[in-house]
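*Asks:* The structure's right below; bear with me while I get my questions together.
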Amino acid sequence: MTGLPSNSSPNSAADPVLEIRDLCVALPEWADRSMAVKNVSLTVGKGETLCVVGESGSGKSVMARSILRLLPEPHLRIASGAILLDGENLASADEPRMRQIRGGQISMVFQEPMVSLNPLMTVGRQIDEILEVHTDWGKAERRRRVVATFEDVRLPQPESIFGAYPHELSGGQRQRVMIAMSLVLEPKLIIADEPTTALDVTTEAQVLTLMKELQQRHGTALMFITHNFGVVAEIADRVAVMRFGELVEYGSVDDVLTRPQHPYTRALIDAVPSLVPRKHARPADRSTATPIVKVRDLQKTYGRSGSGPSWLARLVPALAGNERKAVKAVNHVDLDIMQGSAVALVGESGSGKSTLARCLIGLERADAGSAILAGDEIVGRSRSAWRPLRSRVQMVFQDPFASLNPRTKVGDIIARGAILQGEAPDAAAAQARELLELVGLEAKAAERFPHEFSGGQRQRIGIARALAVKPDILIADEPVSALDVSVQKQVLDLLDDLRRRFGLTMLFITHDLRVAAHVCEEIVVLKNGTIVEQGATAEIFANPQHEYTRTLLSSVPGRDWQRQLQQDAASPTP
Amino acid sequence: MTKPFWFRFLTNLRVLFGLTWLALVIIGAIAAPLIAPLDPFAISGQPFVRPFDGFLFGTDSLGRSVWSGLVHGARTTLLIAVIATLVAVAFGGLIGALAGFYGGRIDNVLMRVTEFFQTIPSFIFAILLVAVLAPSATSVVIAIATVSWPPIARIVRGEVMSLRSREFVQAAITLGEGDFEILFRQVLPNALSPLIVTGSLLVATAILTESALSFLGLGAPNFMSWGFMIGAGRSFLRDAWWLVAIPGIAILLTVLSINLVGEGLNDALNPRLRTP
């Protein structure tokens with residue numbers, strides 16, 4: 001463990017609940033490294049939050065799972081080291097003892113609240129079951145306890161939530177149920193593995209506040225795994241940074257965030273996009289510029305109201321309530337996008353931002369309204385009528401692992417669009433190799449298959465594919481949300497650079513205001529299919545008009561810390 | 001995970017066994033006139049000669065060589081089974097791909113048709129078809145293909161449905177690819193592995209169906225086949241057990257081998273389904 005500060009005072013908790021000593025977790029032979037976790041030593045004290053930070057593949061989740069011995073043995077196994085819970089070594093405990101510890105002494109909150117809950121059981125019963133296993137209380141007593149825990153995690157109407165099924169709750173409520181589940185036996189330690197990553201930013205802020213508050217009230221030790229330094233700044237007492245299975249930095253939150261020692265930590269902190277909007281290259285002059293995209297009163301509704309057997313509903317009134325409600329995904333939207341500008345569509349999940357973009361690229365058909373794309377009306381066009389317009393607008397997709405055909409060579413993937421536009425195959429292949437170099441990959445990559453590339457590289461291939469038909473407008477649908485922070489920044493910078501070089505108009509869809517601020521001069525905030533605010537990024541950040549925009553802005557985790565960093569950077573340190 | 005597909009496939013012991021037996025059967029079928037020069041329908045010696053008594057596997061009630069019947073029968077049985085399976089995979093694959101890709105009304109109509117075929121007991125349906133079409137090699141192929149395409153259609157439909165919502169298919173749409181190009185370039189290559197596995201297992205079922213039809217005398221006339229041999233020898237089971245046992249064992253081993261190979265293909269193509 002080189003590179004760690006030698007003074008041990010910030011590196012061990014005063015009253016350690018959990019102590020990990022030289023933990024090594026071995027990977028199977030075929031893996032690219034021999035140890036998933038290598039010589040990690042950590043402590044978590046009573047009432048303290050330790051944030052474990054790292055990118056994908058850093059071994060942070062494996063480390064957390066090895067504490068509860070939830071590793072997929074024998075492929076992954078604890079090779080050496082000790083995991084001491086109040087002095088008892090869990091690395092050598094037997095299975096019956098581990099069952100008592102799981103849930104009772106240590107509990108875990110997982111990332112995805114939908115898949116962590118059993119969809120066929122009411123949430124109340126799922127928590128009740130834990131009490132049934134671990135205690136000898138009667139039914140009424142258990143129920144009282146569950147309802148009290150629901151109250152504790154601020155679930156509305158805890159009595160009725162007890163009988164609710166997971167699908168009846170929102171994402172934030174489900175994660176509260178998961179937290180209630182982890183709290184109900186008052187464990188000594190809670191391990192939370194990216195519990196807010198799947199949540200919207202406003203919900204994330206609420207859940208983080210709740211966890212912090214509960215932890216202080218119950219004095220529980222909390223190990224919080226995350227890749228987001230903003231979250232670290234919000235809740236951590238101490239921070240451990242992991243890379244390739246090793247601990248590269250470990251210390252108090254102030255030390256790590258303001259005076260990072262290890263270059264990797266510094267790189268991670270620098271990669272967090274700042275909330276400060278970029279300076280305009282040129283002020284957007286809306287009066288003289290012509291809009292390249294002109295959307296008027298666009299509407300898209302999913303699920304028709306009144307569909308289904310209405311005669312049945314008349315006969316059996318009880319069935320009427322189950323009819324699917326129509327969702328207005330895009331609700332009377334007006335939007336002008338100027339030639340050469342970069343506009344961010346910001347909103348939480350379900351705000352209709354993706355549907356709007358998919359209507360503009362012809363993947364969805366709008367129900368009503370008008371959308372004019374470089375002079376041509378696109379609403380109501382069939383797939384074949386769209387074909388001549390395909391070279392005008394292209395899309396970069398969200399998931400780099402799903403957006404490339406696994407059975408096609410990268411060169412063919414990129415060249416395909418140009419060939420469809422009438423380019424000769426040889427010329428298209430040559431252009432594909434040029435594009436690969438343009439997006440920062442080697443021309444040789446054309447001969448390889450997508451699975452040989454990392455997520456960031458795949459996203460570059462996706463960008464090259466979109467550029468191959470020389471579009472005027474580029475729609476980027478959350479292009480970096482599936483990537484690690486350090487890779488995010490590179491891809492964003494690449495998009496920004498390409499946009500300037502080719503004079504592209506960019507519509508950037510994101511839920512992350514910081515990402516929007518990083519690449520876009522204009523922001524459009526969507527909520528429930530309606531635009532609630534739009535304007536220059538700097539103005540909206542400085543002076544948000546709509547209540548919802550203000551909530552979004554104040555929910556960004558770690559904003560105070562970032563503001564502090566910027567002030568420090570602005571004022572020269574003596 | 002780093003091991004290549006062929007390595008994973010061929011190092012599986014069960015696959016090796018299956019492939020060895022299948023190779024023997026296929027070589028035997030191809031080289032039938034060389035290794036068994038006697039006409040399987042010609043009277044070549046005394047009836048009911050025991051195995052290894054002048055004839056390798058003895059003779060039947062009319063003095064025909066069982067060895068010749070076995071080798072020539074392998075030709076008929078394999079050919080009919082493989083062709084029937086190819087027809088079933090092509091037809092079922094097309095129906096499934098169209099239903100899964102277009103969805104909606106087309107899917108509804110095609111799937112109801114598929115269900116119609118699935119509700120009829122398959123063997124009785126096959127007998128009926130052969131009887132109506134008059135027994136011949138072609139009608140046996142048609143009958144087997146007709147009763148075995150619905151599962152293929154269902155599998156392909158499911159695969160296509162899940163693949164067509166993937167982002168790479170949407171990317172192909174935004175690039176302006178036509179429906180058939182998307183189907184054949186983007187979707188079907190990715191649906192190939194379950195199709196290969198089901199197809200290979202279907203050959204085994206086809207062999208069984210063909211043998212059963214031949215047993216009932218509904219097989220291709222003028223072609224020796226394993227099912228026909230069992231059917232002809234069943235009356236002498238107590239006196240001449242080898243007439244039934246030898247082709248029976250051949251069917252058993254061949255079907256077993258195909259199943260082993262099919263399962264091995266499945267394991268090798270979907271390494272995540274099994275923990276080694």
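Read-outs: derived from the displayed coordinates by stated rules, not from any lab. Model, not experiment: these values are computed from the prediction. Glycine also receives a Cβ, built like all others from the backbone with ideal geometry; neighbour counts cover every protein chain displayed.
*Asks:* Is the shape of the range B:23-86 rounded, prolate or oblate, going by the alpha carbon gyration tensor and its root eigenvalues a ≥ b ≥ c, with a/c under 1.5 for rounded and a/b larger than b/c for prolate?
*Replies:* Prolate.
*Asks:* How do the peptides A:152-159, B:117-124, A:330-337 rank, highest first, by the average count of neighbouring beta carbon atoms within 10 Å per residue?
*Replies:* Packing proxy ranking, top to bottom: A:330-337, A:152-159, B:117-124.
*Asks:* Across peptide A:403-411, what mean number of C-beta atoms from other chains lies inside 10 Å of a residue's C-beta?
*Replies:* 4
*Asks:* Return A:30, B:226 ranked ascending by Cβ neighbour count within 10 Å, so the fewest neighbours appear first.
*Replies:* Ranking A:30, B:226 by Cβ neighbours within 10 Å, fewest first, gives A:30, B:226.
*Asks:* Would you mind ranking A:358, B:238 by Cβ crowding within 10 Å, fewest neighbours first?
*Replies:* Ascending Cβ contact count within 10 Å gives the list B:238, A:358.
*Asks:* Sticking with this one: Starting from the Kirkwood radius over alpha-carbon pairs of the protein assembly as shown, derive D by Stokes-Einstein at 10 °C in a medium of 1.306 mPa s and give it in µm² s⁻¹.
*Replies:* D, rounded to a whole number, is 50 µm²/s.
*Asks:* Could I ask something else about it? Quick one: order A:110, A:502 by neighbouring beta-carbon count within 10 Å, fewest to most.
*Replies:* The order, fewest Cβ neighbours first, is A:502, A:110.
*Asks:* Any chance you could list the semi-axes, whole Å, largest first, of the equivalent ellipsoid that the Cα gyration tensor gives for the range A:355-417, using √(5λ)?
*Replies:* Taking √(5λ) for each eigenvalue gives 26, 14, 9 Å, largest first.
*Asks:* Show which lysines lie in cross-link reach of residue A:38 when reach means a straight Cα distance below 17 angstrom and same-chain residues fewer than eight apart are skipped.
*Replies:* A:60
*Asks:* Could you work out the mean count of beta carbons from other protein chains within 10 Å of each residue's beta carbon in A:412-421?
*Replies:* Taking the mean over all residues of the peptide, I get 3.
*Asks:* Whole-Hz Karplus ³J(HN,Hα) for the range B:147-152, in order, using 6.51 cos²θ - 1.76 cosθ + 1.60 and θ = phi - 60°, x for Gly and Pro?
*Replies:* 8, 10, 6, x, x, 4
*Asks:* How big is the C-alpha Rg of the range A:36-188 next to the rule-of-thumb value 2.2 N^0.38 Å, as a ratio?
*Replies:* Scaled against compact globular proteins, the figure is 1.13.
*Asks:* Taking 8 Å as the Cα distance limit and 6 or more residues as the minimum spacing, I'd like the relative contact order of the range A:365-454 as a percentage.
*Replies:* That works out to 24 percent.
*Asks:* Another one. For the range B:254-268, take each phi angle, set θ = phi - 60°, evaluate the Karplus expression 6.51 cos²θ - 1.76 cosθ + 1.60, and give the result in whole Hz per residue in order, putting x for glycine and proline.
*Replies:* Along the range B:254-268, the couplings run 5, 4, 4, 4, 4, 5, 4, 5, x, 5, x, 4, 4, 4, 6 Hz.
*Asks:* In peptide B:176-182, how many Cβ atoms from other protein chains are near each Cβ within 10 Å, on average?
*Replies:* 4
*Asks:* Rounded, prolate or oblate: pick one for the range B:106-148, where a ≥ b ≥ c are the square roots of the eigenvalues of its C-alpha gyration tensor, a/c under 1.5 means rounded, and failing that, prolate if a/b is larger than b/c, else oblate.
*Replies:* prolate
*Asks:* Report, in degrees rounded to the nearest 10, the 0 to 90 angle that the Cα long axis of helix B:13-30 makes with the longest principal axis of chain B.
*Replies:* Between helix and principal axis, roughly 60 degrees.
*Asks:* Can you pull the three principal axis extents for the Cα set of chain B, in Å, largest first?
*Replies:* 74, 48, 29
*Asks:* Now, a different point. Please list the equivalent ellipsoid semi-axes of the range A:471-569, computed as the square roots of five times the alpha-carbon gyration tensor eigenvalues, in descending order and whole angstrom.
*Replies:* Those come to 22, 19, 13 Å.
*Asks:* Need the C-alpha centroid separation for the range A:162-241 versus the range A:423-473, integer Å.
*Replies:* 41 Å
*Asks:* What lysines sit close enough to residue A:527 to cross-link, taking a C-alpha to C-alpha distance under 27 Å and skipping anything fewer than 8 places away on the same chain?
*Replies:* A:279, A:294, A:300, A:325, A:328, A:353, A:489
*Asks:* Per residue of chain A, what 222 nm ellipticity follows from adding -39500 (n - 2.57) for every DSSP H run with n ≥ 4, rounded to the nearest 500?
*Replies:* Helix contribution divided over all residues of chain A: -11000 deg cm²/dmol.
*Asks:* Kindly identify the range A:162-241 as rounded, prolate or oblate by the Cα gyration tensor criterion: order the square roots of the eigenvalues as a ≥ b ≥ c, call it rounded if a/c is under 1.5, otherwise compare a/b with b/c, prolate if a/b is larger, else oblate.
*Replies:* oblate
*Asks:* A further question on this structure: Under 16 Å Cα to Cα from residue A:409, which lysines show up? Leave out anything in the same chain fewer than 8 places away.
*Replies:* Straight-line reach from residue A:409, under 16 Å: A:444.
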